[in-house]
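The values are calculated or read from the model by the stated rules, or taken from the named source; none is laboratory data. If you're wondering where the values come from, they're calculated on a predicted model, not measured in any experiment. For neighbour counting, all protein chains shown are included, and Cβ atoms are generated from backbone atoms with ideal geometry for every residue, glycine included. Each accessible area value is taken on the protein alone, full model and side chains, heavy atoms only, with ligands, DNA and RNA left out. Shrake-Rupley method; radii C 1.70, N 1.55, O 1.52, S 1.80 Å.
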Amino acid sequence: MALQTHLFLPQMRLSFDDLVARAQAAEAAGFDGLALMDHLAPPMADDQPMWEAMLAASWLAARTERLTIGHLVLCDAFR
């Protein structure tokens, strides 16, 4: 099995357009996937915007072609 590289891309403090731009740049750079985080609020930055984990993953998956989109951790209790 070939080694895969994934980028951690926290979906906080960024607009959806900025998230998409970073995901597409990661794809163009050769990353195999990216991982988001599952927090209801940005850690130690409650005054910053934060996108919900599954919504952000769906948005990015629809706007990239081959990246695997996942999360570092998903908490069932949030859902």
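Mean 1/r over all different Cα pairs, inverted: what Kirkwood radius does the chain give, in Å?
Kirkwood radius, the chain: 12.9 Å.
Name the residue farthest towards the positive end of the dipole of the chain from the options 5, 57, 72, assuming +1 on Cβ of Lys and Arg, -1 on Cβ of Asp and Glu, about the Cα centre.
Result: 5.
Hey, got the dipole for segment 1-73? About the Cα centre, +1 on K and R Cβ, -1 on D and E Cβ, debye to the nearest 20? Before the final figure, lay out each step's value.
Values: 4 positive and 9 negative charges, 37 e Å.
My answer is approximately 180 debye.
Counting only heavy atoms of protein chains, what accessible area per residue, in Å², does the chain have with a probe of 1.4 Å?
65
So who's got an amide H within less than 5 Å of the one on residue 71, skipping anything under 5 residues away but keeping other chains? H placed 1.01 Å off N, in plane.
So residue 71 has HN proximity to 36.
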